[in-house]
1. Among the listed residues B:231, B:187, B:191, identify the single one that is of a type in the set (A, V, I, L, M, F, W, C), more than 20 Å from residue B:368 (Cβ to Cβ), assigned to a helix (DSSP H, G or I) and within 14 Å of another protein chain (Cβ to nearest Cβ).
2. Working carefully through the options B:251, B:236, B:281, find the one that is buried (at least 20 other Cβ atoms within 10 Å of the Cβ), modelled with pLDDT under 95 and in contact with a helix residue (DSSP H, G or I) (Cβ under 8 Å, 6 or more places away or on another chain).
3. Which one of A:48, A:86 is surrounded by fewer than 16 Cβ atoms within 10 Å (Cβ to Cβ) and farther than 29 Å from residue A:138 by Cα?
4. State yes or no: is residue B:215 in a helix (DSSP H, G or I), within 14 Å of another protein chain (Cβ to nearest Cβ) and either modelled with pLDDT of 95 or more or closer than 20 Å to residue B:356 by Cα (or both)?
5. Grab the strands (runs of 3 or more DSSP E) fully contained in the stretch B:1-73, keeping just those with 2 or more residues being within 22 Å of residue B:93 (Cα to Cα).
6. Based on this model, can you work out whether residue B:212 counts as in contact with a Cys (Cβ under 6 Å, 6 or more places away or on another chain) and assigned by TED's automatic domain parsing to the domain that holds residue B:352?
7. Is there a residue being more than 21 Å from the chain's Cα centre (by Cα), within 14 Å of chain B (Cβ to nearest Cβ) and outside any loop (DSSP other than H, G, I, E, B) anywhere in the stretch A:135-152?
8. Of all strands (runs of 3 or more DSSP E) completely enclosed by the stretch A:159-225, which ones contain at least 2 residues that are surrounded by 22 or more Cβ atoms within 10 Å (Cβ to Cβ) and within 14 Å of another protein chain (Cβ to nearest Cβ)?
Amino acid sequence: MNRQDEKTSNTPHIIVSDLTMAYGDFVIQRDLNFTINRNDVFIVMGGSGCGKTTLLRHLIGLKRPVKGKVFYEDISFWEVDSGERSRIMRKSGILYQGGALWSSMTLAENVALPLDEYTDLSRGDIKEIVSLKLAMVGLAGYEEFYPAELSGGMQKRAGLARAMALDPEILFFDEPSAGLDPISAKRLDDLILELRDSLGTTVVVVTHELPSIFAIGNNSIFLDTETRTIIGQGEPHMLLAQTDALRVKEFLTRGETASAGSRAG
Amino acid sequence: MQAQSKIDFSHFSADTLQVVISGTWKIGGKLPAPGEVFRRLTSDPRIKNIIINGSGLQGWDTTFLTFISTINKECQSRNIGLEMRELPRGVERLLHLASAASEQTEARQQRVRKPFLYMVGDSAVHFGTSTVEMLSFIGGVALTFLKFLQGKASFRRIDLLLLIEECGAQSLPIITLISVLVGLILAFVGAVQLKLFGAQIYVANLVAIAMAREMGALMTGIIMAGRTGAAFAAQLGTMQVNEEIDALTTLGISPMEFLVLPRLLALVLMVPLLCLYADFLGILGGAIVGVGMLDITLVQYLAQTQESLDLTNISLGIFKGTIFAIIVAMSGCMRGLQSGRSASAVGEAATSAVVTAIVGIIVTDGIVAVLCDVLQI
């Protein structure tokens with residue numbers, strides 16, 4: 001479990017260069033350049049419809065970029081064959097917006113499927129791991145429930161347990177706190193930090209929840225809807241203090257631009 | 001009793017019209033139309049200013065706002081000044097709010113009607129891409145099946161068993177009903193004609209051969225298309241909406257192996273059996289007519305059936321049933337996986353799955369009939 005020691009932070013984990021995303025002729029974002037370091041909690045933020053989730057889909061192999069490259073360490077993700085891509089993805093876990101649990105399977109089966117598929121663990125061991133992961137997200141005892149029998153927040157937490165099943169090196173979160181009450185959202189934030197610290201996981205979070213952005217992010221990019229590219233990047237507090245871009249400032253202060261400078265410290 | 005809403009006009013000065021509004025303006029009430037104001041404007045071109053005076057207003061809701069904003073728009077287009085006096089503060093604030101965000105002109109322009117030739121070309125291109133999609137799906141399924149034969153495909157055995165139950169045992173009631181009725185109908189149609197020659201006994205031949213060769217497989221195929229094909233499309237479509245398929249893909253599990261293969265296997269295993277069952281019940285239906293109405297004894301009828309049927313006819317029916325099963329499973333799964341991410345898209349996927357499957361079944365049946373004629377089977 002000592003990944004942290006082997007590969008220290010500040011080594012690049014994912015590098016995105018000149019990425020342009022489009023649906024048909026409609027360009028969503030162009031010329032994106034950024035680096036996600038190991039152990040980062042990297043925030044992708046921006047207004048609704050700016051292409052945050054689409055960017056995530058490019059990073060996890062669901063949508064091919066129109067132009068540009070995505071590197072995982074030194075492998076160009078979209079230039080290797082699909083087998084290699086799925087080997088890379090096996091080292092990452094994804095929490096989808098709605099949880100995306102497989103509705104025909106119980107929570108235990110959901111969490112167990114990646115383990116069944118990619119490890120040689122015995123049935124008993126898998127069961128132990130599944131219970132542990134569910135307990136970590138606060139769902140101990142819910143093994144035999146079907147996703148439809150749970151509330152939205154619980155589905156999301158179960159989705160996280162599934163994403164963590166294979167102890168991934170990278171965790172992707174798509175709007176983790178959307179639809180959660182403030183306390184659950186806070187708990188999820190704490191869990192994200194805990195995972196990063198204890199397992200050395202790199203975390204990529206797509207969100208527009210300000211409290212989360214400031215609480216957990218140590219690097220970020222801001223996708224702008226109007227210019228269709230990144231107009232601000234850096235640690236969120238620093239970004240707010242230093243940025244000249246009006247729209248980044250507005251976003252990070254909920255539109256109260258006037259007092260932005262004094263609050264940043 | 002609510003006060004009647006009304007407008008009174010008075011001339012403030014030569015070029016200024018004062019509109020005094022009074023009463024209760026709420027949905028459901030009988031309200032004056034903004035047209036009254038416009039008529040005044042048209043009849044008197046000297047008017048350059050309007051003052052709306054809301055001092056007599058006793059109650060209002062959105063209908064009042066739309067009234068004001070209609071007048072506002074009209075005034076702007078006629079270059080007439082508009083002034084509002086003594087309107088409730090809420091009205092002014094809401095009007096300000098509605099005019100604050102400028103209209104997204106981009107959003108509107110997409111609804112432009114396209115020219116006819118454009119649409120023809122568009123659907124031709126669409127037909128091309130969808131054919132390619134269909135072929136690549138068929139290829140994908142073939143590769144997956146090969147992988148299954150080599151024992152390398154990964155899917156949950158329990159899923160396969162559940163699907164077998166769903167499309168096998170649970171289809172029995174509807175198959176029973178339809179097959180018996182089809183047998184009955186065939187026997188009736190045949191009986192009327194054959195009675196003319198006194199050859200009622202041949203009703204047994206007619207029913208047996210028609211059921212075994214054609215109707216058993218065809219009816220089973222069509223029932224499965226409506227029952228199971230649509231269900232497959234809806235299941236996979238909903239999984240698409242919930243990002244469940246994305247979750248499989250990013251985990252490196254192929255939806256082809258995990259979702260399509262068990263569905264295909266379940267249907268291919270069950271439909272031939274259902275086909276045989278349908279044949280049997282169709283013959284039973286024919287026997288009801290034969291024994292009940294044509295004075296043939298049951299033993300006679302069954303003996304005649306036995307004589308007329310051979311293995312070729314029965315196996316031809318089962319062979320066709322197997323092909324229909326593949327068609328139903330593939331069109332259901334394909335439409336489901338192609339489904340968009342909304343509730344109506346899932347509905348369309350289900351409809352489209354049934355249409356694709358039924359067209360596929362009938363066309364295939366036609367081709368097989370011609371082939372049989374050429375090969376003299």
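The values are calculated or read from the model by the stated rules, or taken from the named source; none is laboratory data. Predicted model only: the values in this text are computed from it and were never measured. Backbone-built Cβ (ideal geometry, glycine too); neighbour counts: all protein chains shown.
1. Values: B:187 fails: within 14 Å of another protein chain (Cβ to nearest Cβ); B:191 fails: within 14 Å of another protein chain (Cβ to nearest Cβ).
That would be B:231, the only listed residue that is of a type in the set (A, V, I, L, M, F, W, C), more than 20 Å from residue B:368 (Cβ to Cβ), assigned to a helix (DSSP H, G or I) and within 14 Å of another protein chain (Cβ to nearest Cβ).
2. So the residue among B:251, B:236, B:281 that is buried (at least 20 other Cβ atoms within 10 Å of the Cβ), modelled with pLDDT under 95 and in contact with a helix residue (DSSP H, G or I) (Cβ under 8 Å, 6 or more places away or on another chain) is B:251.
3. Unique residue meeting the criteria: A:48.
4. In short, no.
5. B:16-25, B:49-60
6. No.
7. yes
8. A:170-174, A:202-206
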